[in-house]
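In what follows, a structure is listed as structure tokens, so that the remarks can point back to it.
The values are calculated or read from the model by the stated rules, or taken from the named source; none is laboratory data. Please read all numbers here as calculations on a predicted model, not as lab measurements. Cβ placement follows ideal geometry from the backbone for every residue including glycine, while neighbour counts extend to all protein chains displayed. The protein model used for the area step is the full one, side chains on, heavy atoms only, and it has no ligands, DNA or RNA in it. Shrake-Rupley method; radii C 1.70, N 1.55, O 1.52, S 1.80 Å.
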Amino acid sequence: MNARFTILLSSMFLLAGCLKTKTQTAKTEEEKPNVIVILTDDQGYADVSFNGSKEIKTPHIERIAHEGVKFNNGYVTYAVCGPSRMGLITGRYQDRFGGSRNPLFAPNDLSQGLPLSEETIATVLGREGYKSIALGKWHLGAHKALRPLKRGFDEFYGFLTGGHKYFPEEWTLSDISKVQSQFDAYNTKLLKNDTRVEETEYLTDALSREAVDFIDRNAETPFFMYLAYNAPHAPLQATEKYLKRFAHIEDKKRRIYLAMVSAVDDGVGTILAKLEEKGIDENTIVFFLSDNGGAKSNGSSNGELRGFKSNLYEGGIHVPFAMRWPKMIKGGKEYNPMVSSLDIMATAVNYAKATPKNDLDGVNIVPFITGEEQGEPHQNLVWRKYDDGHFAIRSGHMKYLSLVDKKTGKANVSVYDLKEDISEQNALENKEETVRKAFINTFEEWKSQTTVPNFLGLRQNDEYNKLHPNRFKTEVY
């Protein structure tokens with residue numbers, strides 16, 4: 001082989017290598033991101049270390065914020081579980097489709113849950129080839145037609161109702177034909193897809209295990225994971241592994257609560273580790289948030305925020321919220337403008353190049369975070385508690401809160417400057433009437449696009465039972 005031929009051959013190999021590298025780079029740029037939503041239940045705003053907790057370290061959850069972006073003003077669409085989840089999973093205000101009550105466990109009632117008119121994130125991403133799994137708490141309908149496998153998900157591992165016991169030995173009901181009351185469903189065996197299974201692990205650990213297994217099996221294809229931990233929702237139950245981390249905490253309720261959050265954090269760590277092991281962490285969007293604020297009864301802390309789960313003060317709707325996507329977002333960011341759980345779907349479908357059939361209320365927040373898009377994602381966010389007549393609007397750093405007095409029926413109105421008064425302690429007494437009218441006009445316009453609730457909710461449980469005496473008479477499944 002002469003020298004000229006050797007040089008020519010070497011050049012060809014070098015060129016082929018360059019072409020291969022460019023092709024691989026182009027392919028990487030076109031790859032659709034995986035999407036993981038990690039949702040906790042009734043977790044307090046202050047109960048993560050990225051929001052400054054001194055009582056609990058959540059290093060793995062903190063990684064999401066530290067290696068991505070922490071949202072200082074992250075909100076959900078409602079102050080209790082069911083409606084909040086409907087908003088998140090559809091990217092639309094739940095009031096648009098009558099979802100403004102907490103669904104009951106009513107397996108014979110097609111109206112008790114997310115209406116079939118609405119698409120989930122899984123349905124929309126599924127049209128673009130995404131594999132999907134729902135893990136943990138569903139609470140979007142127990143009727144056969146409302147279950148995860150009928151709502152766009154390829155796999156499901158979890159339970160259908162609004163809560164569950166954590167220890168397998170307490171799962172004494174083999175199927176829902178044994179359920180005789182709303183809270184009996186907390187004792188059912190878990191479902192794997194549509195089959196009841198025997199589980200041996202503490203519930204939070206079991207959900208984390210299944211999440212890691214799904215990633216392991218689907219690393220070569222775009223996937224969507226909706227990991228809805230029921231921790232730290234009541235009942236307060238934790239294993240000794242987690243309890244001993246907080247043996248110094250004297251308050252028993254607080255100690256168990258923190259142990260439950262710590263179990264979630266361990267699970268988040270295994271998930272992030274598996275993404276790295278599979279080489280897909282750079283192009284996986286991971287969201288972390290709670291479905292509403294910490295509950296008054298579960299030992300949680302909302303820190304400086306006023307109020308708790310179920311009310312429209314900040315403690316009910318302003319939640320710990322972070323996002324990680326190394327490919328697109330440089331770590332260590334803090335973002336101050338309002339973002340919403342509505343934005344999760346809008347962001348995901350944008351980068352999956354997917355088209356929802358319904359108009360979304362959320363927006364793709366990534367360009368705002370990176371600075372490519374100027375302004376703020378939302379001019380206004382609106383909340384309503386239909387049965388109470390309460391509503392709230394946040395516009396910029398101003399918040400309008402209208403709470404109806406149960407005795408008098410009169411609305412008590414307050415306006416707060418959340419930039420100066422995040423704890424909502426000092427209402428602005430002399431706020432101009434024009435400002436108040438602007439808030440009211442915003443609410444009336446929003447309300448005109450909504451509808452009344454489709455179903456009786458948890459607060460109407462007794463009334464529902466009287467109207468549906470055969471509520472729990474159902475086949476074995």
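Between Lys357 and Asp194, what FRET efficiency comes out of the Förster formula 1/(1 + (r/R0)^6) with R0 = 30 Å and r the beta carbon distance, rounded to 0.05? Can you show the working numbers first?
Numbers: r = 26 Å, r/R0 = 0.86.
It comes to 0.70.
Rounded if a/c is under 1.5, else prolate if a/b beats b/c, else oblate: with a ≥ b ≥ c from the C-alpha gyration tensor eigenvalues square-rooted, which is region 348-477? Numbers along the way, then the final one.
On the way: a/c = 2.56, a/b = 1.20, b/c = 2.13.
Oblate is the answer for region 348-477, as a/c is 1.5 or above yet b/c matches or exceeds a/b.
If I stretch the segment between Lys144 and Lys437 completely, what's the gain in nm (0.36 nm per residue apart, minus their alpha carbon distance), one decimal?
Numbers: separation 293, 0.36 × 293 = 105.48 nm, distance 4.55 nm.
Extra length available between Lys144 and Lys437 comes to 100.9 nm.
Among the helices of the chain (complete DSSP H runs), which have Cα atoms covering no less than 27 Å along the helix axis and a Kyte-Doolittle mean of at least 0.0? Please report the intermediate quantities before stating the final value.
Numbers: long enough: 3-30 (40 Å, 0.24); 252-277 (38 Å, 0.08).
Within the chain the helices that satisfy the rule are 3-30, 252-277.
Identify, among Ala411, Val35, Ser290, the residue whose Cα sits farthest towards the positive end of the charge dipole of the chain, taking +1 on the Cβ of Lys and Arg and -1 on the Cβ of Asp and Glu, with the dipole about the Cα centre.
Of the options given, the answer is Val35.
Going by accessible area, probe 1.4 Å, with all protein chains left in place, what is the ranking of Thr200, Thr123, Thr90, largest first?
Details: Thr200 125, Thr123 45, Thr90 0 Å².
The ordering from most to least exposed comes out as Thr200, Thr123, Thr90.
Which of the GluC sites (Glu not before Pro) found in region 331-399 are loop residues per DSSP with 11 or fewer other Cβ atoms within 10 Å of their Cβ?
Details: sites: Glu334, Glu372, Glu373; in loops: Glu372, Glu373.
For GluC sites (Glu not before Pro) across region 331-399 that sit outside H, G, I, E and B with at most 11 neighbouring Cβ atoms in 10 Å, the list reads Glu372.
Net charge around Thr120, counting only other residues with Cβ within less than 13 Å of its Cβ (Lys, Arg = +1; Asp, Glu = -1)?
On the way: positive: Arg85, Arg92, Arg127, Arg147, Lys150, Arg151, Lys357; negative: Glu118, Glu119, Asp154.
Combined, the nearby Lys, Arg, Asp and Glu give +4.
In region 200-276, with Lys and Arg counted as +1 and Asp and Glu as -1 at Cβ, which of these residues, Tyr229, Leu275, Val261, has the Cα nearest the positive end of the dipole, that is, farthest along it?
Value computed over the given set: Val261.
Choose one of Leu467, Val124, Ala206: the residue whose Cα lies farthest towards the positive end of the charge dipole of the chain (beta-carbon charges +1 Lys, Arg; -1 Asp, Glu; about the Cα centre).
Positive-end residue among those listed: Leu467.
When only Cα pairs under 8 Å and 6 or more residues apart are kept, what is the percent relative contact order across the chain? Spell out each step's value before the answer.
Working: 1006 pairs, mean separation 117.2, N = 477.
So the answer I get is 25 percent.
Assigning unit charges at the beta carbon (Lys, Arg +1; Asp, Glu -1) and nothing else, what dipole magnitude in debye, to the nearest 20, does the chain show about its Cα centre?
Working: 61 positive and 63 negative charges, 85 e Å.
It comes to approximately 400 debye.
Compute the distance from the alpha-carbon center of region 107-124 to that of region 170-236, in whole Å.
Cα centroid to Cα centroid, the span is 19 Å.
Please work out the ratio of the alpha-carbon Rg of region 66-189 to 2.2 N^0.38 Å and round it to two decimals.
Numbers: Rg = 15.4 Å, N = 124, 2.2 N^0.38 = 13.7 Å.
Region 66-189 yields a ratio of 1.12.
Whats the longest run of the chain with zero trypsin sites (Lys or Arg not before Pro) that are DSSP loop and have at most 13 other Cβ atoms within 10 Å? Mind showing how you got there, number by number?
On the way: sites that count: Lys54, Lys330, Lys353, Lys357, Lys406, Lys407, Lys410, Lys419, Lys473.
Formally, the longest exposed-site-free interval is 55-329.
Cα centroids of region 35-96 and region 291-361: how far apart, whole angstrom?
Centre-to-centre (Cα) distance: 5 Å.
Over 29 Å between Cα atoms: which of Lys309/Lys353; Lys178/Lys252; Lys32/Lys274; Lys54/Lys309; Lys57/Lys431; Lys54/Lys252 fall into that group? Kindly include the intermediate steps, with their values, before the conclusion.
Working: Lys309/Lys353 35 Å; Lys178/Lys252 33 Å; Lys32/Lys274 19 Å; Lys54/Lys309 22 Å; Lys57/Lys431 41 Å; Lys54/Lys252 17 Å.
Flagged as over cut-off: Lys309/Lys353; Lys178/Lys252; Lys57/Lys431.
Calculate, in nm to one decimal, what Glu372 and Glu276 gain on full extension: separation in residues at 0.36 nm each, minus their alpha carbon distance. Walk me through the intermediate numbers first.
On the way: separation 96, 0.36 × 96 = 34.56 nm, distance 2.78 nm.
Computed gain between Glu372 and Glu276 is 31.8 nm.
Amide H to amide H, which residues 5 or more places from Phe321 or on other chains are under 5 Å from it, using H placed in the peptide plane?
Long-range HN contacts for Phe321: Phe71.
Treating only the Cβ atoms of Lys and Arg (+1) and Asp and Glu (-1) as charged, compute the dipole magnitude of region 414-477 about its Cα centre; round to the nearest 20 debye.
Working: 9 positive and 12 negative charges, 106 e Å.
Using only the charged Cβ atoms, the result is roughly 500 debye.
Between region 421-477 and region 130-158, how far is it from one alpha carbon centroid to the other, in angstrom?
Comparing the Cα centres of region 421-477 and region 130-158, I get a distance of 25 Å.
Hull surface divided by four, with the convex hull built on the Cα atoms of region 156-263: how many nm²?
Values: hull surface 30.8 nm².
Approximately 7.7 nm², given one-decimal rounding.
Give the cross-link partners of Lys447 among the aspartates and glutamates, using a straight C-alpha distance below 12 Å as the criterion and excluding same-chain residues fewer than 8 apart.
Asp95
Report Rg(Cα)/(2.2 N^0.38 Å) for region 275-394, keeping two decimals. Intermediate results must be reported in sequence, preceding the final value.
Working: Rg = 16.4 Å, N = 120, 2.2 N^0.38 = 13.6 Å.
This ratio for region 275-394 stands at 1.21.
Roughly what would the spin-label model give for Glu201 and Glu55, points 7 Å off Cα along C-beta, in nm?
Label at Glu201, label at Glu55, 2.7 nm between them.
In region 75-96, whose amide N lies under 13 Å from the spot 7 Å out along Cα-to-Cβ of Ser111? List them in ranges.
none
If I compute solvent accessible area with a 1.4 Å probe over the protein chains, what percent of it on region 103-237 is carbon and sulfur?
50 percent
Under a crude label model (7 Å from the Cα following the beta-carbon direction), how far is Ser181 from Leu428 in nanometres?
4.8 nm
Could you work out the equivalent-ellipsoid semi-axes for the chain, taking the square root of 5 times each eigenvalue of the Cα gyration tensor, largest first, in whole Å? Write down the numbers at each step before the final one.
Numbers: eigenvalues 287, 167, 106 Å².
They are 38, 29, 23 Å, listed from largest to smallest.
Charges only on Cβ, +1 for Lys and Arg, -1 for Asp and Glu: so what's the dipole of region 361-477 about the Cα centre, in debye to the nearest 20? Could the numbers behind the result be given before it?
On the way: 16 positive and 19 negative charges, 140 e Å.
The dipole magnitude comes to about 680 debye.
Name all residues of region 93-109 having a backbone nitrogen under 13 Å from the label point set 7 Å from the Cα of His468 along its Cα→Cβ direction, giving them as ranges.
Taking a point 7 Å out along Cα→Cβ of His468, the residues of region 93-109 whose backbone N falls under 13 Å are 102-109.
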